[in-house]
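The values are calculated or read from the model by the stated rules, or taken from the named source; none is laboratory data. Model, not experiment: these values are computed from the prediction. Note: ideal-geometry Cβ built from the backbone for every residue, glycine included; neighbour counts use all protein chains shown.
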Amino acid sequence: MSRLAPSLRSAGTVLGVLSAMALVVLDAGVANVALPTIGRALDVTPSKSVLVITAYQAGLVMALLPCGALGERFGFRRVFTVGVATFAAASVFCAAAPSLDWLVAARLVQGIGGAAVMALGVALLRLAVPSGRLGEAIGWNALTVAIASAAAPGLGAIILSQASWPWIFAAPLPLAIMALAATRAMPASPGANAPLDPISMALNAGMFALLILSAEIGAGAPLFAATSFVFAATCLAVLVRREGEKHAPMFPLDLLRAKPFRMSVFASVSCFTAQSAGLLALPFYLQHELQLTPLMTGLYLTPWPMSVAATAVVAGRLSDRVSTSTLCVIGGFGLSVGLMGAAVSALLHQPPALVASIVLCGFGFGLFQTPNNRNMFMSAPPERSGAAGGMQGTARVTGQITGALMMTLLFSLSVVDAPKVGLALAASFALAAGLLSFHPATSPK
């Protein structure tokens with residue numbers, strides 16, 4: 001490994017990380033499209049088929065911080081490789097699933113493997129790429145995620161039109177092979193001697209599992225949901241108390257004490273809440289009020305990820321040269337204006353203005369995400385990149401879940417014009433993300 005030229009090692013690391021990230025994003029996207037088909041094939045109700053998605057999200061969010069800790073303990077490359085291999089093996093089990101229970105269990109394991117990819121991908125980029133080009137590398141990562149997100153629905157539809165649903169999980173496996181081959185070129189990071197804490201890992205997993213449970217049953221069993229939420233809060237309190245005295249805690253309290261890192265995390269949660277709520281509100285407006293077909297709805301929404309893709313690499317290069325705070329503020333405000341514009345366009349029934357607002361949403365999100373992630377990682381010591389990656393992924397998933405819960409609440413309360421109200425609320429979260437990003441000490445280094 002040491003004989004590889006630095007440029008070759010850097011290229012191999014970027015290839016491996018981007019391949020693995022595309023694998024994880026594509027698999028999640030095509031699974032969403034396949035839910036109705038899977039439900040019919042396995043003879044289960046739509047509500048039960050949603051467990052295929054919930055199980056993956058649960059595995060992902062429960063394992064992000066532990067995977068970061070494992071990466072710091074045993075080396076980023078080693079844990080990343082195990083994560084890709086786990087994801088690939090679980091994909092095979094998904095494709096071979098004879099029942100919903102089998103499929104849900106395999107999806108849970110997939111989420112755990114995906115967590116290692118999300119938590120340690122940027123940490124590996126930080127090892128392989130000069131600090132002056134880290135923003136550009138994160139931009140390529142964001143570009144890959146945006147393109148994979150945009151391509152997933154169409155790819156899923158093509159696969160289902162030509163083959164049975166198990167191929168949804170088998171088709172992306174060449175990306176796993178490519179990522180595993182590229183891991184041989186990745187730089188090895190020395191592991192730490194700090195012992196692992198299984199109790200903290202269990203508390204972390206229990207906290208997120210109980211939060212997801214309370215969200216899933218909130219409408220039908222509010223008392224039980226409230227009880228689950230209380231137990232989740234208790235797990236968090238015990239976890240914080242247990243981790244507080246550690247030098248390198250799994251739950252990165254040491255990093256959160258630094259204002260730039262802490263504010264970047266809060267801003268990330270706010271931004272992903274806005275994105276999630278907006279992308280959930282818009283399809284309901286387009287299909288229910290404008291009476292568009294699912295195909296036309298998809299065409300209306302496609303400019304969002306395409307705008308993110310067009311902006312991500314430029315934002316990455318800019319973040320290596322100018323203040324990340326400035327870029328994040330502009331991006332957050334752009335996303336907020338785009339979401340508010342979408343709400344007003346929906347109110348006035350102006351589809352052309354709605355498309356322009358959707359483009360602005362993608363531009364704002366792309367301009368915010370890459371600089372914010374760069375600032376988060378540069379605010380953490382290199383040896384704590386695993387914890388930073390775990391926290392970055394946790395902030396992302398937390399925001400996505402919060403946005404989904406906000407829209408679920410609006411619909412369950414039968415709020416008049418719920419999609420428009422949701423877009424307006426999403427705009428306020430995006431504005432908060434911009435305001436939270438307004439802090440010093442974010443110039444590139």
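For the condition without any contact (Cβ under 8 Å) to a residue 60 or more places away in the chain, under 30 Å from Glu136 (Cβ atoms), assigned by TED's automatic domain parsing to the domain that holds Asn141 and in a helix (DSSP H, G or I), what is the one hit in Thr86, Thr81?
The match here is Thr86.
Do the conditions hold for Val44, that is, is it more than 20 Å from Gly386 (Cα to Cα), touching a residue at least 24 places away in the same chain (Cβ under 8 Å) and not in a helix (DSSP H, G or I)?
yes
Does Gly278 count as touching a Cys at 6+ places or on another chain (Cβ under 9 Å) and either of a type outside the set (Ser, Thr, Tyr) or in contact (Cβ under 8 Å) with a residue 60 or more places away in the chain (or both)? If you could, list the steps in order and put the result at the bottom.
Numbers: touching a Cys at 6+ places or on another chain (Cβ under 9 Å): yes; either of a type outside the set (Ser, Thr, Tyr) or in contact (Cβ under 8 Å) with a residue 60 or more places away in the chain (or both): yes.
Spelling it out, Gly278 is indeed touching a Cys at 6+ places or on another chain (Cβ under 9 Å) and either of a type outside the set (Ser, Thr, Tyr) or in contact (Cβ under 8 Å) with a residue 60 or more places away in the chain (or both).
Output the number of the condition that Glu289 fails; it satisfies all remaining conditions of (1) modelled with pLDDT under 85; (2) crowded, with 16+ Cβ neighbours inside 10 Å; (3) touching a His at 6+ places or on another chain (Cβ under 9 Å); (4) not hydrophobic (A, V, I, L, M, F, W, C).
(2)
Please give the number of the condition Ser385 fails out of (1) closer than 20 Å to Phe261 by Cβ; (2) modelled with pLDDT of 85 or more.
Unmet for Ser385, out of (1) closer than 20 Å to Phe261 by Cβ; (2) modelled with pLDDT of 85 or more: (2).
Checking the structure you have, find out if any residue of segment 414-425 is at pLDDT below 85 and assigned to a helix (DSSP H, G or I). Let's see the steps before the verdict.
Initially, segment 414-425 is screened for residues at pLDDT below 85, giving 414-419.
Pick out the ones that are also assigned to a helix (DSSP H, G or I) and you get 418-419.
Checking segment 414-425: at least one residue is at pLDDT below 85 and assigned to a helix (DSSP H, G or I).
Taking into account only those residues within segment 92-121 that are of a type outside the set (A, V, I, L, M), more than 20 Å from Pro198 (Cβ to Cβ) and in contact (Cβ under 8 Å) with a residue 24 or more places away in the chain, which is surrounded by the most Cβ atoms within 10 Å (Cβ to Cβ)?
Across segment 92-121, the extreme among qualifying residues is Gly114.
Specify which of the listed residues (Leu124, Leu180, Leu160) is crowded, with 19+ Cβ neighbours inside 10 Å, assigned to a helix (DSSP H, G or I) and either of a type outside the set (Val, Ile, Thr) or not assigned by TED's automatic domain parsing to the domain that holds Val61 (or both).
After ruling out the rest, the residue left standing is Leu124.
Spot the failing condition for Ala89; the list is (1) surrounded by 24 or more Cβ atoms within 10 Å (Cβ to Cβ); (2) under 17 Å from Leu180 (Cβ atoms), and only one is missed.
(1)
Within segment 9-31, can one find any residue that is in the same structural domain as Leu120 (by TED's automatic domain parsing), outside any loop (DSSP other than H, G, I, E, B), basic (Lys, Arg) and modelled with pLDDT of 75 or more?
Checking segment 9-31: not a single residue is in the same structural domain as Leu120 (by TED's automatic domain parsing), outside any loop (DSSP other than H, G, I, E, B), basic (Lys, Arg) and modelled with pLDDT of 75 or more.
Can you find a residue in segment 55-76 that is at pLDDT 85 or above, surrounded by fewer than 20 Cβ atoms within 10 Å (Cβ to Cβ) and of a type in the set (A, V, I, L, M, F, W, C)?
The answer is yes; a qualifying residue exists.
Just name the residue that is surrounded by the most Cβ atoms within 10 Å (Cβ to Cβ) out of those in segment 300-346 that are among the polar types (S, T, N, Q) and assigned to a helix (DSSP H, G or I).
Let us first name the residues in segment 300-346 that are among the polar types (S, T, N, Q), namely 302, 307, 311, 319, 323-326, 336, 345.
Remaining after also requiring assigned to a helix (DSSP H, G or I): 307, 311, 319, 324-326, 336, 345.
On the way: Ser307: 22, Thr311: 26, Ser319: 28, Thr324: 30, Ser325: 23, Thr326: 16, Ser336: 25, Ser345: 21.
Per the criteria, the residue is Thr324.
Is it the case that segment 257-266 has a residue that's out of contact with any strand residue (DSSP E or B) (no Cβ under 6 Å at 6 or more places or on another chain), among the aliphatic types (A, V, I, L, M), buried (at least 18 other Cβ atoms within 10 Å of the Cβ) and over 25 Å from Ala380 (Cβ atoms)?
No, the conditions are met nowhere in segment 257-266.
Scan (1) among the small types (Gly, Ala, Ser); (2) within 30 Å of Gly16 (Cα to Cα); (3) in the same structural domain as Gly393 (by TED's automatic domain parsing) for the single condition Ala277 breaks and write down its number.
Result: Ala277 fails condition (2) only.
Going through Gly244, Gly206 one at a time, which residue ends up being surrounded by fewer than 18 Cβ atoms within 10 Å (Cβ to Cβ) and without any contact (Cβ under 8 Å) to a residue 40 or more places away in the chain? Walk me through how you get there before you give the answer.
Numbers: Gly206 fails: surrounded by fewer than 18 Cβ atoms within 10 Å (Cβ to Cβ).
Being surrounded by fewer than 18 Cβ atoms within 10 Å (Cβ to Cβ) and without any contact (Cβ under 8 Å) to a residue 40 or more places away in the chain holds for just one of Gly244, Gly206, which is Gly244.
Can you find, within segment 352-370, the residue that is surrounded by the most Cβ atoms within 10 Å (Cβ to Cβ) among those that are more than 16 Å from the chain's Cα centre (by Cα) and touching a residue at least 60 places away in the same chain (Cβ under 8 Å)?
Once the filter is applied, the top-ranked residue is Cys361.
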